[in-house]
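**Q** Mind having a look at this structure? Questions to follow.
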Amino acid sequence: MSKIICSAAIRGAHKILDMAEETYEAAIKKYGPEQEVSFPNTAYFLPVIYSMLGAKVQTLGDMKDIFQECRKLLPAMVSNDLWLPYLAPALDAGMATFFAEEMYESIRYLNTPEFYTKTEDPTSGNIWLGAADDVIFRKRGVEFVDGTAPGFAAIMGAPPSKEIASKIALELQEKNLYIFMHDENNGVRMADQLVEGGVQVGWNTRLVPFGPTYTSAVFAIGFACRVAMAFGGIKPGDYRGNLIYNKDRTFAFVMALGPVSDEWYANAAGAINWGFPTISDYDIPEVLPTGICTYEHVVSNVPHKEIVQKAIEVRGLKVNIAKIDIPMSFGPAFEGERIRKDDLFMECGGGRTSGVEVLISKEMSEIEDGRVTVEGKDIKDIKQGENLPLAILVEVAGREMQSDFEPILERQFHHLINYIQGIMHMGQRNIMWVRIGKAAVEKGFSLAHFGKVLHGKLHQEFGAIVDKIQVKIYTELDKVEEVQELARSVYAKRDERLGSMADDTEDIFYSCTLCQSFAPSHVCIITPERVGMCGAYNWLDGKASYQINPTGPNQPIEKGECLDPQLGVFKGINEFINQASRGAVTDLSCYSLMTDPMTACGCFEAIAAMLPQCNGIMVVNRDFPGMTPSGMKFTTLAGMAGGGAQTPGFMGVSKHYMTSPKLFMAEGGLKRVVWLPKMLKEEIAEKLKMRCEEMGMPEFFEMIATEENGTTEEEILAFMKEKGHPALSMEAAV
Amino acid sequence: MATKRDGCDGCADITCTSTKLILAQDIAKNVVTAYDRVKSRGMSACLFGSSGTCCRNCNMGPCQIIDGVEEMIGICGATAETVAARNFARTIAAGSAAHTDHAREMVKGFIETAKGHGPHEIKDVDKLHKIAKIFGVATEDRDKNEIALELGELALAEFGSQDEKPLTMLKRAPQKRQELWKKMGIEPRGIDREVVEMMHRTHMGVDQEYKNIMLQASRCALSDGWGSSMLSTELTDIMFGTPVPRRAIVDMGVLKSDQVNITVHGHEPLLAEALCMAAQEQDILDLAKKVGAKGINLAGVCCTGNEILMRRGIPVAAGFIQQEMVLATGAVEAMVVDVQCVMQSVAQVAKNFHTDIITTNYRAKMPDAVHIQFEEDAALESAKTILKHAINNYKKRSKVFIPQKEKVDVVVGFSHETINNMLGGSFRSSYRPLNDNIINGRIRGVGAIVGCDNYKLSDENHEIIARELIKNDVLVLATGCAATSLGKAGLLCPEAIKFAGPGLREVCETVGMPPVLHMGSCVDNSRILIAATEMVREGGLGDDISDLPAIGTAPLWMSEKAVAIGQYFVASGAQVVFQNLATTGSKKFHNYLLEGMMDSYGAVWNVAKEPLEIARIMIERIDAKREALGINKQRERVLFDMKMRRDLDAGAGIGDVGCTGPQHNT
């Protein structure tokens, strides 16, 4: 019964707080109160403390107040008889536990900088990654927002064998969940078990070894807290908002594998505050009545073969998985898996061989649905290392099919093929590259499985527009070349059509509220010349998505009367956005950074920010970890641009929009851009140069500074003067 | 002279052990109790009086009315229903007046405290801010005393308000209930005014339509429940601290043979709080030592007892019906009384011993008592004078009998804030788990057992009802002397979950709470109104109090206050069961209370005498509400996919499973 659990949790919290305080006292002695403390590269300080209390812990000295708060929260032990209500005290003790652990872990970063790798994947000598920095968090957060990942399993301990470990991990992956691993069971750690079992761990496969001790569980909770703040617009200190947000939206749970210590109980009690229940394989008491979590709070003694199913049922999660009939596992969790040289069986495209993938639409009568053919050698016909040319030609037909939808369907190939466990796909069109791993081949992989996957998933996701799909796969060079030829002509037509689409010629724009499950007041407006800021949804996607699901997140909007062509203000857009944001946003300028800019959920590819001194605009992409001339790193800027509020001077943008003619039109367009990270500038260099040509200033490309030219406004201003940057002579933007 | 020691023909058997033990002692042989007087009076109650049809409202009568006999209407022509309704309404007015005058003292004490006068201070600043917000008092960057003063003055103004504006606290009620009151024209205005209007309308020759009379009776009762009682509870909490769970003991065994025993009896906690503080002062402790006592033992009787039990964990020796027995122990140096429910007989019982009855309120004096006026502006000094008087009596003590074994452990302090907090902790406090577990059927519903003790039914009635309810998974809330009685029965301790049905037991085990929650004194029934409102607000159990699977009972009611409470419960949408009502003399009116009110309020009065019958009615009503809500069947587990999560924001959320969308902060 719950009394045993609450008693243990409160006991555990006392131990943890004592330990953390001892560490803190020693650290104060060693470093002094002014010593800075932080988790790596984050704008959320110690995120649990920041989100619950609104307190920014930046130095050791800042911890004093938090420890006092912990002591206030920490209740007396539960008495044996005539007990007072213990549930609330246990939950408070759990909260104090997380505060204490967060401070303890931040001191660990100080004392032992190499304790965690601080990377996305394990390094050769260290498997423990530590807290997700903001780059990882934002990249992965997007998956929480769009639903590719419904939540996470915070695992404490380890199952009895590496086989069971692999099986549990695989099942969780198949439910699209992230798996955060902590602590050990009798000296055995689950992450080690997985590595021994040949399973790839790291953020890319969603199998994340957070830390070897129970205190690292606070990284999982901190991740959830940040999701609420970054995407949900929940303010730091709004503890109730944050907790309810996570209960309703982040489908996370604790999976305790092995004997449950007082310290585990304390962490589990804390997690209940977030609505995250605990599922245990061990014989401990249960807490079944509902209320704080959506359903049960603690469920125990669950056999390993049922534990994943039980966990998602207890958490109240429904995962819609269409079974694809292939011998390998399949799902988003395998998208980031890499096939390294040693694991490689063979590869196609990518400069090794000729490779191409293309989708075209045909008449209904020309297609036999479900037909998958492989012409030429298949995997069973070759030896390891024998690379083949490859052409994947998908032909579709449907009463609602339009040629405009072809590229959208074709773009799915990349992630769909990647979803297959043991297969890695990169690039697209005729620069595609597929690596086939040994593990997949051992399980009986055939090239025909590409066809099965594409047929099954395209039907599932685009059933409203395609009725028939057939897939032709070629591995004979002459056939491949034939498809290459066909593809080139298709690409040329498509590019021409895309290039001719403009905001001025289309009367309909599309809304995107895909993120509203996580960012309730945010509405994206997608125009032909402005791709969604996540970079994933363009105007055609909106059109297709509406066709597929007329009541879905993408709605057509009559843009209506243009009230200001320079700012991009449209009557119809304003009316729509007012209603869709429930009054939070009443006016929107589609082409301005300074006047009523578009809001953002938090999953933007890049952020544009005004630099007043330079009279120009800088743009920084998510992957750039360094300082920018705005005096803020991406992570800090993201806090200003995200959360569904309009903040003039800060805005989320996609990389694609950087080369749109409508870019910052109200502020003078591309000519206002003064700074980009080098990696971003290089990535879009080709198109950027083209835009410079088009606006009659081919030399402008060189006028855009990067971090090599400076990371302060003063340095950039000097660089601009040296180059004669046009923004200098423009009217003041602020 | 006490003749029979286990009740009498006119009353139920005495079942309470401590009462029986005390009355069996030699030292108690000359004590005359209520039980004895029922016997010695030798006559049964007047039929017209007990059926509500004796009219004494003018000097043409008194008129005894017989329903259905044309010649037997009043001299003025008043019919049975008019007379019964007028009498019933006057009972409500008297009950409301008692709560109102009590509340006024508390508000005045609150204002003095805010001004920095007297020994008390503003203790619960969180609650101060909450109540201030309801009254529109700014709190930001303001000193707590400054806020309290403004709040206190606004609260005091509600008593004498003469405009048509409804009472401020009404807006705490569910929206639908507020609209209903507005539509019916029964939103109370000034608190005093409603009692005055009630008295006026029941004067000879004014309101002679029983339904119309009951409209004002409702308004008058609501001015008590959502007005004076609520103000009293909330401001008292702010001043003396909102109750939190704590351990205590009840029953006669709390008296101590080697200490100065002082019992506090009555209702207003201002005096009792001051006594508690003064009893800790060194000079008082020294004085006690000087007379040979090991200390000073304060013990509560009746609702004063409940007030200091809830907030300080001070033991309660007795409920209303045992006020004479506590004196019959011979162990009480003084019984300090203020207002309400103090039997005149206590001064006579005290004469048998060294005990003094000390009256402290100018409103409430009695022959053979010592009067020491409690001065609020010199509260501590007054309290010390009283204590010194009691201490000096210690030396006069002769033979005593304290039933040492008769004491029971209890856990008390379940304010609605406590309930809110204990279900989710500091960060997730809410009524969600309660609603959830009602919806999923672990808890069948909520039953409130409130009110007094009464010789008419045996002492164990409260216990029998409560045991039956918890056995059937009904969570019990208790106040007043009913709560004391349940404490003595051992149902207020967490171990009592072993008597609960499996569903309720599981929830109690999860939370660590007893199956019967002590919510305070009789004035604290307003806490139940707020708790019910919170349940409505939390969602999934309908949109008005009348939709909730909840019901109240005052099975052993004695005081007119209980009728006022009953009427404000019914007018707020909560059904009640009483053991009898003095309304049977008019079929029409009686039926109106038992059935007719359903159309207006969604709730009615019920009458039942046998405890198991009362429990049965309560469970039936709860089951009927469960059925109406559609929660009487096994429910499917809802699993959420991405689309459903997205829809959380578009709509009102899915209240049933606690997904409330973005409105989390309201």
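The values are calculated or read from the model by the stated rules, or taken from the named source; none is laboratory data. These numbers come from a predicted model, not from an experiment. Glycine also receives a Cβ, built like all others from the backbone with ideal geometry; neighbour counts cover every protein chain displayed.
**Q** Cβ-Cβ distance below 9 Å, separation of 6 or more or different chains: which pairs start in the range B:501-528 with a residue that is on the phi > 0 side of the Ramachandran plot and more than 10 Å from chain A (Cβ to nearest Cβ) and end on one that is β-branched (Val, Ile, Thr) and in a helix (DSSP H, G or I)?
**A** These pairs meet every condition: B:Gly520/B:Thr233.
**Q** For the range A:520-558, name all the residues that are in a loop (DSSP other than H, G, I, E, B), without any contact (Cβ under 8 Å) to a residue 60 or more places away in the chain and crowded, with 22+ Cβ neighbours inside 10 Å.
**A** Answer for the range A:520-558, where residues must be in a loop (DSSP other than H, G, I, E, B), without any contact (Cβ under 8 Å) to a residue 60 or more places away in the chain and crowded, with 22+ Cβ neighbours inside 10 Å: A:Pro528, A:Tyr537, A:Pro553, A:Asn554.
**Q** A further question follows. Residue pairs, Cβ under 7 Å, 6 or more apart or interchain, first in the range A:29-45 and assigned to a strand (DSSP E or B), second among the β-branched types (Val, Ile, Thr). List them.
**A** The qualifying pairs are A:Glu36/A:Thr59.
**Q** Take the residues of the range A:66-104 that are of a type in the set (Asp, Glu) and more than 11 Å from chain B (Cβ to nearest Cβ): which is surrounded by the fewest Cβ atoms within 10 Å (Cβ to Cβ)?
**A** Restricting attention to the range A:66-104, the residues satisfying the condition of being of a type in the set (Asp, Glu) are A:69, A:81, A:92, A:101-102.
Those still in the list that are more than 11 Å from chain B (Cβ to nearest Cβ) too: A:101-102.
On the way: A:Glu101: 29, A:Glu102: 27.
Among those that are of a type in the set (Asp, Glu) and more than 11 Å from chain B (Cβ to nearest Cβ), it is A:Glu102.
**Q** Hey, another quick one. Kindly establish whether B:Lys182 is at pLDDT 95 or above, surrounded by 12 or more Cβ atoms within 10 Å (Cβ to Cβ) and in a helix (DSSP H, G or I).
**A** Yes.
**Q** Test A:Met640 against the criterion of being in contact (Cβ under 8 Å) with a residue 40 or more places away in the chain, of a type in the set (A, V, I, L, M, F, W, C) and in contact with a strand residue (DSSP E or B) (Cβ under 8 Å, 6 or more places away or on another chain), and give yes or no. Working first, answer last.
**A** Details: in contact (Cβ under 8 Å) with a residue 40 or more places away in the chain: no; of a type in the set (A, V, I, L, M, F, W, C): yes; in contact with a strand residue (DSSP E or B) (Cβ under 8 Å, 6 or more places away or on another chain): yes.
So A:Met640 does not fit the description; no.
**Q** Also: Based on what the data block shows, is A:Ile279 modelled with pLDDT of 95 or more, at negative phi and more than 10 Å from chain B (Cβ to nearest Cβ)? Quick ask: steps written out before the conclusion?
**A** Values: modelled with pLDDT of 95 or more: yes; at negative phi: yes; more than 10 Å from chain B (Cβ to nearest Cβ): yes.
Here the answer is yes, as A:Ile279 does meet what is asked.
**Q** Is it the case that the range B:418-436 has a residue that's away from chain A (no Cβ under 14 Å), in contact with a Leu (Cβ under 9 Å, 6 or more places away or on another chain), farther than 30 Å from B:Thr19 by Cβ and in a helix (DSSP H, G or I)?
**A** No, that holds for no residue.
**Q** Could you grab the pairs with beta carbons closer than 6 Å, sequence gap of 6+ or different chains, first residue in the range A:331-350 and in a strand (DSSP E or B), second one surrounded by fewer than 21 Cβ atoms within 10 Å (Cβ to Cβ)?
**A** What qualifies is A:Phe345/A:Gln384; A:Phe345/A:Lys438; A:Phe345/A:Val441; A:Met346/A:Glu386; A:Met346/A:Asn387; A:Glu347/A:Asn387; A:Gly349/A:Trp433; A:Gly350/A:Trp433.
**Q** Pairs, please: C-beta under 8 Å, at least 6 apart or cross-chain, first residue surrounded by 21 or more Cβ atoms within 10 Å (Cβ to Cβ) and in the range A:444-470, second of a type in the set (Ser, Thr, Tyr) and part of a loop (DSSP other than H, G, I, E, B)?
**A** From the range A:444-470, the pairs are A:Leu447/A:Thr475; A:Val453/A:Tyr419.
**Q** Another question, if that's okay. Considering only residues that are in a helix (DSSP H, G or I) and touching a His at 6+ places or on another chain (Cβ under 8 Å), look in the range A:365-414 and name the one that is surrounded by the most Cβ atoms within 10 Å (Cβ to Cβ).
**A** So the residue we want is A:Phe413.
**Q** Surrounded by fewer than 22 Cβ atoms within 10 Å (Cβ to Cβ), within 14 Å of chain A (Cβ to nearest Cβ) and not acidic (Asp, Glu) - does that describe any residue in the range B:448-459?
**A** No: zero hits.
**Q** In the range B:67-121, how many residues are among the acidic types (Asp, Glu) and in a loop (DSSP other than H, G, I, E, B)?
**A** Restricting attention to the range B:67-121, the residues satisfying the condition of being among the acidic types (Asp, Glu) are B:67, B:70-71, B:81, B:101, B:105, B:112, B:121.
Retained after the next criterion (residues that are in a loop (DSSP other than H, G, I, E, B)): B:67, B:121.
Within the range B:67-121, residues that are among the acidic types (Asp, Glu) and in a loop (DSSP other than H, G, I, E, B) number 2.
**Q** Just to confirm my filter: which strands (runs of 3 or more DSSP E) fall fully inside the range B:240-348 and include at least 2 residues that are touching a residue at least 60 places away in the same chain (Cβ under 8 Å)? Steps first, please.
**A** Values: elements: B:246-250, B:260-266, B:296-301, B:316-318, B:334-337.
So the answer is B:246-250, B:260-266, B:316-318, B:334-337.
**Q** Can you pull out every residue in the range B:116-154 that is crowded, with 16+ Cβ neighbours inside 10 Å, small (Gly, Ala, Ser) and within 30 Å of B:Lys384 (Cα to Cα)?
**A** If the condition is that a residue be crowded, with 16+ Cβ neighbours inside 10 Å, small (Gly, Ala, Ser) and within 30 Å of B:Lys384 (Cα to Cα), then B:Gly118, B:Ala148, B:Gly152 are the ones that fit.
**Q** In addition: Hey, B:Thr479 hits all of (1) within 14 Å of another protein chain (Cβ to nearest Cβ); (2) modelled with pLDDT of 95 or more but one; which does it fall short on?
**A** Here B:Thr479 clears every test but (1).
**Q** Kindly indicate the residue of the range A:456-471 that is of a type in the set (A, V, I, L, M, F, W, C) and assigned to a helix (DSSP H, G or I) and also farthest from A:Leu393 (Cα to Cα) among those meeting that condition.
**A** Going through the qualifying residues, I end up with A:Phe462.
**Q** Exactly one of (1) under 23 Å from the mean Cα position of the chain (by Cα); (2) more than 14 Å from chain B (Cβ to nearest Cβ); (3) surrounded by fewer than 24 Cβ atoms within 10 Å (Cβ to Cβ); (4) modelled with pLDDT of 90 or more is unmet by A:Glu476. Its number?
**A** Condition not satisfied by A:Glu476: (1).
**Q** Taking A:Ile607 as meeting all but one of (1) assigned to a loop (DSSP other than H, G, I, E, B); (2) among the aliphatic types (A, V, I, L, M); (3) modelled with pLDDT of 90 or more, write down the number of the exception.
**A** In the conditions (1) assigned to a loop (DSSP other than H, G, I, E, B); (2) among the aliphatic types (A, V, I, L, M); (3) modelled with pLDDT of 90 or more, A:Ile607 misses (1) alone.
**Q** Restricting attention to the range B:491-500, which residues are away from chain A (no Cβ under 11 Å) and either surrounded by fewer than 22 Cβ atoms within 10 Å (Cβ to Cβ) or in contact (Cβ under 8 Å) with a residue 40 or more places away in the chain (or both)?
**A** B:Lys498, B:Phe499
**Q** Pull up the range A:314-328, narrow it to residues that are modelled with pLDDT of 90 or more and more than 17 Å from B:Met642 (Cβ to Cβ), then point me to the one that is nearest to the other protein chains (Cβ to nearest Cβ).
**A** Residue satisfying both the conditions and the ranking: A:Val314.
**Q** Oh, and also: Identify all residues within the range A:30-65 that are among the hydrophobic types (A, V, I, L, M, F, W, C), within 14 Å of chain B (Cβ to nearest Cβ) and farther than 22 Å from A:Leu129 by Cα; write none if there are none.
**A** Residues satisfying the conditions are A:Met52, A:Leu53.
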